[in-house]
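What follows is one structure encoded as structure tokens, with my remarks underneath.
None of the figures in this text is laboratory data; all of them are computed from the coordinates on show. On a predicted model such as this, the values are computed, not experimentally measured, just so you know. With ideal geometry, Cβ positions are generated from the backbone for all residues, glycine too; neighbour counts draw on all protein chains shown.
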Amino acid sequence: METNKIKQLHEFGQSVWLDFLDRMLISSGQLKKLIEEDGLRGMTSNPAIFEKAISSSPAYDEQIKEIASRQQDNEAIFYEIAITDIQNAADQFAAVFANGDDGYVSLEVSPRLAHDANGTIKQAVALWHKVNRENVMIKIPATIEGLQAIRKTISEGLNINVTLLFGLERYEQVADAYLSGLEDRVAAGQPIDHIASVASFFLSRIDVVVDPQIEAKGYPEMKGEVAIACAKQAYQIYKNIFTSDRFMKLQALGATPQRVLWASTGTKDPSFSDTKYVDALIGPETINTIPMETLMAFKDHGHPASRLEHNLDKAIYTLEQLKKIDIDLNSISNQLEKEGIDKFNKPYDQLLQAIQMKKVFKIAAM
């Protein structure tokens, strides 16, 4: 029997999470099958995923009708629906969670709060208590305001998935926010041995923006190399931070590293392999959250092997070459952060509109 390629990733120390969630996946037994047969170890959601799920499926209609009979606020309705799915998915991963460092399911705060630190903290804490599952992570974007919220929510004992992370400089700030939150909690005399966090580095979108600039400057050989170079450098930063004396003091009290998670790993450019961002970034103590289509592609024709620390010289050269041709990655990461928030705000607004339409239709049909 052929070895399952997804399971093989675990042999190299990488966990596979699914970047997808909907009610039918859970109720049909498909999620259970992915966990048991393919070794799936976690799941992430975002406003775009929920918009597609709720807008396109009748599976949510009855719950919308029931909630609408007592609650008219569409955002409140959405989060009640989302919490149901997150709880059910978290329960599916309970055995994975009990046996190791994985088994987490992520729920995102409203993208409208991306630049509101206090609003993010308030909603993150509220969602954490409402979901009421140890194996849930609350997603907070890596904006400047988000950094404040990350530190505070970590200090409050929440599990946090830092999302919309595009740049190396911001990644270091994210790791610092995590460590600072743990230190704040220790100073308050609270335990830190149950807290988990990941830093979700978005990849394919980097190449979407950078590649046209590279080609325009006459360096086509660098096309498709920048996101992977950034990821490889981020991993080196991760290793330095989480072997530092600062972290060792926290680890002695039970702290775990904030693992890097490769996100946006579906290939956007059809000229690239559909498993490009999975094949290239396999390595220990990392996570890849993979869209369903890419997961199935990797299962069929992926190439499992530890590559995350291969060709580091090439990665360093690529990043140095960008500076020489006046392509500013910090500027690009700021642009991608703004675009990323917009890419979540739009489907979030569409999601609330879809709930309004279903609510009106269902009430009228009663």
>> Let me spell out the model: positive unit charges on the Cβ of Lys and Arg, negative unit charges on the Cβ of Asp and Glu, origin at the Cα centre of the chain. What dipole size does that give, in debye rounded to 20?
In response: 460 debye
> Where does the charge balance sit around Leu107 when Lys and Arg score +1, Asp and Glu -1, over other residues with C-beta under 13 Å from its C-beta?
Replying inline: 0
> Around Asn161, which amide H atoms from residues at least 5 apart in sequence, or from another chain, sit under 5 Å from its own amide H, with H modelled in the peptide plane?
Replying inline: Ile138, Lys139, Ile140, Val198
>> Whole-Hz ³J(HN,Hα) for each residue in region 55-70, computed from phi via Karplus 6.51 cos²θ - 1.76 cosθ + 1.60 with θ = phi - 60°, x for glycine and proline: what do you get?
In response: 5, 9, 10, x, 5, 9, 4, 5, 5, 4, 4, 5, 5, 5, 6, 10
>> On a straight-distance basis, which lysines could pair with Lys122 in a cross-link, Cα separation under 19 angstrom, same-chain partners fewer than 8 positions away excluded?
In response: Lys130, Lys139, Lys152
> Hey, what did the chain get for relative contact order, percent, Cα under 8 Å, at least 6 apart?
Replying inline: 22 percent
> Across region 345-356, in residue order, what do the Karplus-derived ³J(HN,Hα) couplings come to in whole Hz, using 6.51 cos²θ - 1.76 cosθ + 1.60 with θ = phi - 60° and x for Gly and Pro?
Replying inline: 5, 4, x, 5, 5, 5, 4, 5, 5, 5, 5, 4
>> For a protection proxy built on the mean count of beta-carbon atoms within 10 angstrom, sort 301-312, 220-231 highest first, please.
In response: 220-231, 301-312
> Hey, what do the phi angles of region 216-221 turn into as Karplus ³J(HN,Hα) couplings, whole Hz, using 6.51/-1.76/1.60 and θ = phi - 60°, x for Gly and Pro?
Replying inline: 5, 8, x, 10, x, 5
> Relative to a virtual label point 7 Å from the Cα of Asp91 in the Cα→beta-carbon direction, which members of region 18-62 show backbone nitrogen distances below 16 Å?
Replying inline: 22-33
>> Under 5 Å between amide hydrogens, which residues at least 5 positions from Ser15 or on another chain qualify, with H placed 1.01 Å from N in the peptide plane?
In response: Thr286, Ile287, Asn288
>> Once each part is reduced to its C-alpha centroid, what is the distance from region 96-169 to region 278-321 in angstrom?
In response: 25 Å
>> Within region 175-192, name every residue whose backbone N is under 18 Å away from a label modeled 7 Å from Cα of Ala252 along the Cβ vector.
In response: 179-180, 182-192
>> Here are labelled values, (1) 23.5; (2) 22.7; (3) 21.1, and one is the computed Kirkwood radius over Cα pairs in Å for what I pasted. Which one?
In response: (3)
>> What is the sum of charges, Lys and Arg at +1 and Asp and Glu at -1, for the other residues whose Cβ falls under 14 Å from the Cβ of Ile138?
In response: +3
> Within a Cβ distance under 13 Å of Asp349, other residues only, what is the Lys/Arg minus Asp/Glu net charge?
Replying inline: 0
> What is the distance, in nm, between label points placed 7 Å from the Cα along the Cα-to-Cβ direction at Ser306 and at Ile144?
Replying inline: 4.1 nm
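Residue separation times 0.36 nm, minus the C-alpha to C-alpha distance between Lys268 and Lys7: what's the value?
Computed gain between Lys268 and Lys7 is 91.5 nm.
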> Hey, which of these cross-link pairs are over 23 Å Cα-Cα: Lys7/Lys249; Lys314/Lys343; Lys217/Lys268; Lys32/Lys358; Lys268/Lys299; Lys32/Lys52?
Replying inline: Lys7/Lys249; Lys314/Lys343; Lys32/Lys358
>> Students often forget the sequence filter, so: which aspartates and glutamates lie under 20 Å Cα-Cα from Lys65 once same-chain residues fewer than 8 apart are removed?
In response: Asp22, Glu51, Asp73, Glu75, Glu80, Asp85, Asp349
